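The values are calculated or read from the model by the stated rules, or taken from the named source; none is laboratory data. Note that the structure is predicted; figures quoted are calculated from it, not measured. Don't worry about glycine lacking a Cβ; one is built from the backbone with ideal geometry, like all the others, and counts go over all protein chains shown. Each accessible area value is taken on the protein alone, full model and side chains, heavy atoms only, with ligands, DNA and RNA left out. Shrake-Rupley method; radii C 1.70, N 1.55, O 1.52, S 1.80 Å.
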Amino acid sequence: MNPFIESNSIIDDGIALQERANRDGYLFFRDVINRDSISEVRRDITEILQRFSWIQEGTDPLEAITTHTAVLEYTEEFEPVYDEIMKLESFHSLAHNSAIFNLAETLLGMDVLLHPSNIARIIFPSGLAHTTPPHQDYVHIQGTPDVWTSWIPLGNCPQQMGGLSVLSGSHKSGIFPVTEASGAGRLRSDTSSINAEWVSSSFNLGDMLLFYSHTVHKGLPNLSGNRLRISADFRYQKASNSVINTVLKPHHGRLKWEEVYAGWKSDKYQFYWKKFSLATVDKVPWQVDA
Ligand SMILES: O=C(O)CCC(=O)C(=O)O
């Protein structure tokens, strides 16, 4: 698989970034997010995973070594762990990182709304059948197509550990038909009608992939044998565009924001979206092919 095109050399050139984003549907940057902020989130998440015995006893939690059978999103075993992750101040604060916001403003304009529903992924090495299928985020987040997703591994993520891959240029072909699948989102886009190239690179701590809501992307299988792939995805749109209700709630919709915020030290990032008068819409069920 060919690597991502790196965009560090044009990071300060708004026009060049917009042109490349329009051409490829994604932008990839090396070492663009403050590493200490990411490491803090990794420490907080792995501490939770250790407490729930998802991490192998006697190992350094930061290594995220596991022999636990794969725990799948939305299962009874997954949810209490995810609730704890959802309460992390460090995790939600990372989404406000100024480097991401600057890039989002370049792509969207000044009134950038971060979807409060920040997402964490814990991908087990033994759950290969549940690798994230090819999909377009628009199918899931609707509201407006003008949404950019920031995907950040919370630690080094060599390709063997299962990073993310994008189908370069696939954002130009509209919305593809979907069928049911396993893995995040549970819907698979059928891209057989286009001739486009899958690209991906190994990620190092601090690297970030940004992609458009119509850009087809997929997880790569976690072939590490015994390491959890831990990552975050955050979404940005114009506050003046419509937004679906579900992305204004904590991801999975189980907790209230008051429960999320209960242990936070600062109120800086609490209910920040209330400063906008948002036009909210309901999510519509997506037409799935048999
Ligand atoms: O991390 C993954 O496997 C899925 C991420 C994803 O599909 C997204 O950020 O939209």
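Of the residues contained in segment 96-116, none is found to be within 15 Å of the chain's Cα centre (by Cα) and at pLDDT below 95.
Of all residues in segment 260-282, those that are in contact (Cβ under 8 Å) with a residue 24 or more places away in the chain have Cβ atoms under 7 Å from Cβ atoms of residues that are assigned to a loop (DSSP other than H, G, I, E, B) and open to solvent by 60 Å² or more (accessible area, probe 1.4 Å), 6 or more apart or on another chain, in Val260/Lys87; Gly263/Lys87. Looking at segment 111-124, which of the residues that are away from the ligand (no atom under 11 Å from the Cβ) and outside any loop (DSSP other than H, G, I, E, B) is surrounded by the fewest Cβ atoms within 10 Å (Cβ to Cβ)? Restricting to residues being away from the ligand (no atom under 11 Å from the Cβ) and outside any loop (DSSP other than H, G, I, E, B), the top hit is Val112.
Residue by residue, here is whether (1) away from the ligand (no atom under 14 Å from the Cβ); (2) closer than 20 Å to Met1 by Cβ; (3) surrounded by fewer than 21 Cβ atoms within 10 Å (Cβ to Cβ); (4) hydroxyl-bearing (Ser, Thr, Tyr) holds:
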{"site": "Arg186", "(1), (2), (3), (4)": "no, no, yes, no"}
{"site": "Thr191", "(1), (2), (3), (4)": "yes, yes, yes, yes"}
{"site": "Leu210", "(1), (2), (3), (4)": "no, yes, no, no"}
{"site": "Lys238", "(1), (2), (3), (4)": "yes, no, yes, no"}
{"site": "Ser242", "(1), (2), (3), (4)": "yes, no, yes, yes"}
{"site": "Lys249", "(1), (2), (3), (4)": "yes, no, yes, no"}
{"site": "Arg254", "(1), (2), (3), (4)": "yes, no, yes, no"}
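Candidates Gly169, Gly155: the one that is surrounded by fewer than 21 Cβ atoms within 10 Å (Cβ to Cβ) and either without any contact (Cβ under 8 Å) to a residue 24 or more places away in the chain or more than 10 Å from the ligand (Cβ to nearest atom) (or both) is Gly169.
Return the residue satisfying two criteria in turn: it lies in segment 125-146 and is hydroxyl-bearing (Ser, Thr, Tyr) and within 10 Å of the ligand (Cβ to nearest atom), and of such residues it is surrounded by the most Cβ atoms within 10 Å (Cβ to Cβ).
The first filter runs over segment 125-146 and keeps only residues hydroxyl-bearing (Ser, Thr, Tyr), leaving 126, 131-132, 138, 144.
Keeping just the survivors that are within 10 Å of the ligand (Cβ to nearest atom) gives 131-132.
Values: Thr131: 19, Thr132: 22.
Taking the candidates together, the pick is Thr132.
Note on segment 193-207: residues that are away from the ligand (no atom under 16 Å from the Cβ) and of a type in the set (S, T, N, Q) amount to 3. Of the helices (runs of 4 or more DSSP H) lying entirely inside segment 18-99, the ones with 3 or more residues being among the acidic types (Asp, Glu) and open to solvent by 30 Å² or more (accessible area, probe 1.4 Å) are found at 35-51.
Each row is one residue, and each column tells you yes or no for (1) aliphatic (A, V, I, L, M); (2) modelled with pLDDT under 95; (3) under 21 Å from His92 (Cα atoms).
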position: Thr149; (1), (2), (3): no, no, yes
position: Pro153; (1), (2), (3): no, no, yes
position: Pro158; (1), (2), (3): no, no, no
position: Ala181; (1), (2), (3): yes, yes, no
position: Ser200; (1), (2), (3): no, no, no
position: Gly206; (1), (2), (3): no, no, yes
position: Phe211; (1), (2), (3): no, no, yes
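One residue alone among Gly174, Gly206, Gly163 is touching a Ser or Thr at 6+ places or on another chain (Cβ under 9 Å) and either closer than 27 Å to Leu103 by Cβ or in contact (Cβ under 8 Å) with a residue 40 or more places away in the chain (or both), and that residue is Gly163.
When Lys283, Lys274 are checked against the criterion of being open to solvent by 50 Å² or more (accessible area, probe 1.4 Å), assigned to a loop (DSSP other than H, G, I, E, B) and not polar (S, T, N, Q), a single residue qualifies: Lys283.
State yes or no: is Thr215 more than 30 Å from Asp44 (Cα to Cα) and within 10 Å of the ligand (Cβ to nearest atom)? Lay out the reasoning, then the answer.
On the way: more than 30 Å from Asp44 (Cα to Cα): yes; within 10 Å of the ligand (Cβ to nearest atom): yes.
For Thr215, the condition - more than 30 Å from Asp44 (Cα to Cα) and within 10 Å of the ligand (Cβ to nearest atom) - is met.
Can you find a residue that is free of Cβ contacts under 8 Å to residues at least 60 places away in the same chain and on the phi > 0 side of the Ramachandran plot anywhere in segment 60-75? No; the residues of segment 60-75 include none that is free of Cβ contacts under 8 Å to residues at least 60 places away in the same chain and on the phi > 0 side of the Ramachandran plot.
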